[in-house]
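Single-structure report; data block below.
The values are calculated or read from the model by the stated rules, or taken from the named source; none is laboratory data. Everything quoted here is computed from the prediction, not taken from an experiment. Heads up, the Cβs are rebuilt from the backbone with ideal geometry, glycines too, and the neighbour counts pull from every protein chain shown.
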Amino acid sequence: MRYFDPIKNWRKIEPHLKAAEPVLVRDFHKYTWGRWRKKFEPGRYPREFESCDWWLSRKGRRPRYWRYVKHAACHWLVNHNLVLAQAVRPAKPWRVLTSDKHSTVFDGDAMLFDLNFFALGVPAREAYTLATAADYEELPTGAHLKVYCPEHYKRAA
C-alpha cells in the first residue's frame with residue numbers, strides 16, 4: 001500500500017485545483033459552518049481553519065499541498081481528493097473508502113490519494129486499515145461521499 005505523492009506530483013495536481021474547488025467549497029463549508037458557524041468560500045483553504053499543531057515538528061518549507069490539509073476533517077475533504085485523483089490519473093478506478101475512523105480515496109489496487117494522512121505522516125497501510133474498519137463502506141467508482149455538518153462546538157457534549 002502506498003500514497004500518490006503530492007510533493008513529487010504537485011505539477012500534475014495544481015492545474016486541476018480550480019476545477020475541483022466547487023467540491024471543496026460545497027463540502028468543507030459544511031465542516032466550517034457546523035463547527036464554528038464560519039463560511040468557507042472560494043479562494044480559501046482548509047489550512048486556514050487548522051486547530052491542531054501537527055506541522056510544528058516538520059522542518060523546512062511547507063509544501064503547497066498543505067493548504068488543502070485540515071486535521072480531523074478527512075470526511076469533508078475526501079470528495080475533493082477524489083476529484084483531484086480522477087483528474088490526475090483518469091484511467092484508475094478511484095473510489096472512496098469510508099468508516100467512522102477515516103475516509104480516503106483508493107484506486108482499487110494499492111494506492112491511496114490522501115492529502116491529509118500523507119501530510120500527517122500516517123503510513124498508507126494504516127490509512128487503509130482505518131478507512132476499512134468494521135463499519136466501512138466502499139463507494140462505487142467516482143461516487144461522492146454525502147457529508148453533513150458536524151456537531152457545533154457549543155452543542156458538543
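What the table shows:
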| read-out | value |
| --- | --- |
| Meets criteria (touching a strand residue (DSSP E or B) at 6+ places or on another chain (Cβ under 7 Å) and without any contact (Cβ under 8 Å) to a residue 40 or more places away in the chain) for Thr129 | no |
| Cβ-Cβ under 7 Å pairs, at least 6 apart or on other chains, the stretch 71-95 side assigned to a loop (DSSP other than H, G, I, E, B), far side at pLDDT 95 or above and of a type in the set (Asp, Glu) | Lys92/Asp107; Pro93/Asp107; Trp94/Asp107 |
| Pair list, Cβ under 7 Å, 6 or more apart: the stretch 8-26 residue more than 18 Å from Phe118 (Cα to Cα), other residue at pLDDT 95 or above and not in a helix (DSSP H, G or I) | Glu21/Pro42; Val25/Phe40; Val25/Glu41; Val25/Pro42 |
| When residues of the stretch 56-65 are limited to those that are part of a helix (DSSP H, G or I) and touching a residue at least 12 places away in the same chain (Cβ under 8 Å), the one farthest from the chain's Cα centre (by Cα) | Arg64 |
| Among (1) surrounded by 23 or more Cβ atoms within 10 Å (Cβ to Cβ); (2) over 15 Å from the mean Cα position of the chain (by Cα) - the single one Asp53 does not satisfy | (1) |
| Those residues of the stretch 28-49 which are within 22 Å of Ser99 (Cα to Cα) and free of Cβ contacts under 8 Å to residues at least 40 places away in the same chain, in sequence order | His29, Thr32, Pro46 |
| Identity of the residue in the stretch 56-95, within 26 Å of Glu138 (Cα to Cα) and among the charged types (D, E, K, R), that ends up surrounded by the most Cβ atoms within 10 Å (Cβ to Cβ) | Lys70 |
| Top-ranked residue of the stretch 1-47 - restricted to ones that are surrounded by fewer than 18 Cβ atoms within 10 Å (Cβ to Cβ) and in contact with a Ser or Thr (Cβ under 8 Å, 6 or more places away or on another chain), ranked as nearest to Ala85 (Cα to Cα) | Lys39 |
| Selection status of Ser103, under 20 Å from Ala124 (Cα atoms), surrounded by fewer than 21 Cβ atoms within 10 Å (Cβ to Cβ) and of a type in the set (S, T, N, Q) | no |
| Extreme residue, farthest from Tyr3 (Cα to Cα), among residues of the stretch 96-121 that are in a helix (DSSP H, G or I), within 11 Å of the chain's Cα centre (by Cα) and of a type in the set (A, V, I, L, M) | Ala119 |
| Hits in the stretch 96-126 - residues which are among the small types (Gly, Ala, Ser), more than 18 Å from Lys12 (Cβ to Cβ) and in contact (Cβ under 8 Å) with a residue 24 or more places away in the chain | Ser99, Ser103, Gly108, Ala110, Ala124 |
